[in-house]
Every structure is written in C-alpha cells, then in structure tokens.
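The values are calculated or read from the model by the stated rules, or taken from the named source; none is laboratory data. Treat the numbers as computed from the prediction; the structure is a model and nothing was measured. Please note: Cβ atoms are built from the backbone with ideal geometry, for glycine as well, and neighbour counts cover all protein chains shown.
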Amino acid sequence: MAHDEVVCGNPVTVAELREGETVLDLGPGGGIDVLSARRVGPSGTVYGLDAGPDMVAPARRNVEQAEVANTELLHGTIEEVPLPDRWVDVIISNGVINLSHGKAAALAEAFRVLRPGGRLGITDVVTDGEFDEERRRQAEQRIGCVAGALPVAEYRQLLAAAGFVGVSIVPTADHGDGVRSAIVQAVKPSAGAGLEIRPMREFDAAQVLAIYQAGLDTRQASFETSAPSWESFTAGRLPHLRYVAADAGTGQVVGWVAASPVSSRCVYAGVVEHSVYVHPGCQAHGIGRALLGAFIAACEDAGVWTIQSGIFGENAASLALHQALGFRVVGTRERLGRHHGVWRDVLMVERRSSVIGI
C-alpha cells in the first residue's frame, strides 16, 4: 500500500484555512499548495517546502498551470525551515512529520515560524502504542512508511515540549497492526503585541529568578522573602508545565508561570499548584492573562483537572486576574503566617477543568 493511501486526509480542510492567511505547507507534493492558495485568496500567501529539487519541480508545474500567483516554493528541510521567526499563520502537511528523523526539531521549527496564536493542522501516521522491532518491520512491509510513526502519547509529548497547547490527535482510518491515520491539531499560545509565550528553558534561569525576586519585594506575592536557587526552583516544579513570556525581538523574559505537584499520592495526579509572576515594569499589559491562559490550556492537555493557588487578600490585581480566567475562591486561611512581622490571611483559589475529570 502506498504512503498516500495510508495518510488519508486533506490538511487544507483540517487547518480550516481562511482568506488572507499565510500558510506553510510541509512537503506539498503534487499540488496541495494550489488548493491552499485558492483557499487563502489573493491577499494570502502559501509557502510550499520540499527537501529535493525533484520534489519541488512537480509542485512548481502545478502552480504554474493553475496560474496562482500567491504561492512560493522553497527548497529546504522541515528540521531547518528557511523562513523567519513568527512568519506564518498556519502550518499544514500530509504524512510528512512521520518521515522525519528529527521530529523534535521539526516541531520546534514549526513552533518558531508560527505567529503567536498560529495553528498546526496536519494529517499523519501514528501507532496505538510502542512497536517492538519485529512488529514494526511487519507493519512496514504490509503498509509502508511506518518506520518513523510515533505512538499517540509520544506525539503529544513532543508537541507540548515544543510549546504547543490545545493539542488534539484524532485517529481516523485504521490500517491494521496498530497503525492509524490521524488528524493532528495544535496552537501556538497567543500573546500580546511583540511577545511570545514559550516553554521555560534553563537559559531563562537568571531572568526568571530576577522577576521572582521583584515580585517578592512587593510583599504581596508570597510568604517567601528571597528567590531560591535555580536548582531549588526547578526541583520543586513540574518540568512540563512552566512557561515564560518573552519579548519577541530581544528575548527578554517579562513574566513566567509554573506548576508544582501538590502531593505524590496518585489521587492527586491531576491537581497542581501554580505561581505566575510578571516583571513590575510590564504589568497591566495583559501578560499575566496571556501566560495564565496558555498555562490552563497546557494543563488540560496534560490531564490536570484542578489548578490551585493561594493569594494574599490584599493582592486585588492577582485575585481579579484569576477570577477572570475561571478561578473561584474556595476559602480563607486566616492568619496563616507572619510576613514581615504581620499576620496574613490567604485566599485559597482553584480552577476546576470543564474538560478533564467531569
């Protein structure tokens, strides 16, 4: 069975292309880019990316024959896309990520070239679970193009690690031997003008801790008075639920959000406690809202059903932010502790998912 027969689905439809959008088609093949060009109209742009001149040539002929002027064909790999950062609104492909030997790099590149709020809408090949070598060999012989297929759970993990939220992987056609076609959709978190929300990395450490300390210095953020070391910070927080908001031009971090587990007991596997901090000079610009919105979406992707935190009653701005994003006050812990010589009450807030655990 040929690869095109296995990967059934039209990414143009999956991605719901709209008039005026800029689209990147990874491996357009014979001419899906022509369909994309017509869907986005003359005010939109479609880039078709293929690795070899012999693959670009047929697509170029189709574009010329269709007389579409808003399409540009690029020569390059999906692991090193020859486009600037934050350049496209949508990425589509049909059975291409599956073939990559560097899937993490390919998805990181997809995240890089997408604008904030941009979306990934592709069709691909997945497996129901891990294949041993013999089972994979047999499936490859019968179906073809299965060698690089990922289990759904691993595909989700790679998308999350790249920074995508709102991840949906819906298996479609069943090709037997645990091999499925699938529709894969995800979103790059929205952010304010000139900002990008991405996963927190180790190289962000100094800036994250400086923002943390600046928040503590207000005496409204936490009982703590000094930021911990990076080793202590990272040890107490979940590695997959931490994000920064950064200036798109300079890379300067202007805010962060991160989650900590509330317990090692399995009954609390879907409950986390979070902190969100914004640089004092960048507050009242919607950064906290954007960070918390992306964090909530990532939590639901990760199967978290309750997000909780504590807020000083005097911190009206933080309370308003959380309530605007679906948190509710569930109680008050009175005179919980002394902070700079003053007994402080803490409002306990939580957000229960409407998707997970209902």
- Message: Between a residue in region 173-191 that is farther than 17 Å from Gly121 by Cα and any residue that is among the aromatic types (Phe, Trp, Tyr), which pairs come within a Cβ distance under 8 Å, given they are 6 or more apart or on different chains?
- Response: Gly178/Phe131
- Task: Kindly establish whether Asp204 is exposed (fewer than 15 other Cβ atoms within 10 Å of the Cβ) and not β-branched (Val, Ile, Thr).
- Result: no
- Query: Does Gly286 qualify as being at pLDDT below 95 and either outside the structural domain of Ile169 (by TED's automatic domain parsing) or farther than 18 Å from Thr218 by Cβ (or both)?
  - Reply: yes
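Quick check on region 107-128. Is at least one of its residues in a loop (DSSP other than H, G, I, E, B), modelled with pLDDT under 85 and in contact with a Pro (Cβ under 8 Å, 6 or more places away or on another chain)?
Checking region 107-128: at least one residue is in a loop (DSSP other than H, G, I, E, B), modelled with pLDDT under 85 and in contact with a Pro (Cβ under 8 Å, 6 or more places away or on another chain).
Restricting attention to region 244-270, which residues are buried (at least 19 other Cβ atoms within 10 Å of the Cβ) and among the hydrophobic types (A, V, I, L, M, F, W, C)? Write out each step before concluding.
We begin by selecting, within region 244-270, every residue buried (at least 19 other Cβ atoms within 10 Å of the Cβ); these are 244-246, 253-259.
Val244, Ala245, Ala246, Val253, Val254, Trp256, Val257, Ala258, Ala259, listed by residue number.
Yes/no per residue for (1) crowded, with 17+ Cβ neighbours inside 10 Å; (2) in a strand (DSSP E or B):
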position: Glu314; (1), (2): no, no
position: Leu319; (1), (2): yes, no
position: Gln323; (1), (2): no, no
position: Gly326; (1), (2): no, no
position: Gly331; (1), (2): no, yes
position: Glu334; (1), (2): no, yes
position: Met348; (1), (2): no, yes
position: Ile358; (1), (2): no, no
- Out of all the residues in region 257-278, is one or more more than 25 Å from Arg352 (Cβ to Cβ) and not hydroxyl-bearing (Ser, Thr, Tyr)? no
- The one condition in (1) part of a helix (DSSP H, G or I); (2) in contact (Cβ under 8 Å) with a residue 60 or more places away in the chain that Ile296 fails to fulfil: (2)
- Taking Tyr155 and the conditions (1) at pLDDT 95 or above; (2) farther than 21 Å from Pro11 by Cα, which numbered condition does it fall short on, given that it satisfies the others? (2)
- Kindly indicate whether Gly281 is crowded, with 17+ Cβ neighbours inside 10 Å, small (Gly, Ala, Ser) and over 18 Å from Val355 (Cα atoms). no
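If we keep just the residues of region 207-228 that are among the small types (Gly, Ala, Ser) and touching a residue at least 60 places away in the same chain (Cβ under 8 Å), which is surrounded by the most Cβ atoms within 10 Å (Cβ to Cβ)?
The selected residue is Gly215.
Restricting to strands (runs of 3 or more DSSP E) lying wholly in region 151-236: which have 1 or more residues that are outside the structural domain of Leu336 (by TED's automatic domain parsing) and of a type in the set (Ser, Thr, Tyr)?
Where strands (runs of 3 or more DSSP E) fall fully within region 151-236 and carry at least 1 residues being outside the structural domain of Leu336 (by TED's automatic domain parsing) and of a type in the set (Ser, Thr, Tyr), they are 165-174, 179-187.
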- Can you spot a residue in region 229-239 that is closer than 22 Å to Arg344 by Cβ and surrounded by fewer than 13 Cβ atoms within 10 Å (Cβ to Cβ)? yes
- Considering only residues that are outside any helix (DSSP H, G or I) and surrounded by 18 or more Cβ atoms within 10 Å (Cβ to Cβ), look in region 299-309 and name the one that is nearest to the chain's Cα centre (by Cα). Ala302
- Item | region 66-80, subset surrounded by fewer than 23 Cβ atoms within 10 Å (Cβ to Cβ) and closer than 22 Å to Val187 by Cα, residue nearest to the chain's Cα centre (by Cα) | Glu79
- Restricting attention to region 301-335, which residues are touching a residue at least 24 places away in the same chain (Cβ under 8 Å), in contact with an Asp or Glu (Cβ under 9 Å, 6 or more places away or on another chain) and under 21 Å from Tyr268 (Cβ atoms)? Thr306, Ile307, Gln308, Ser309, Gly310, Phe327
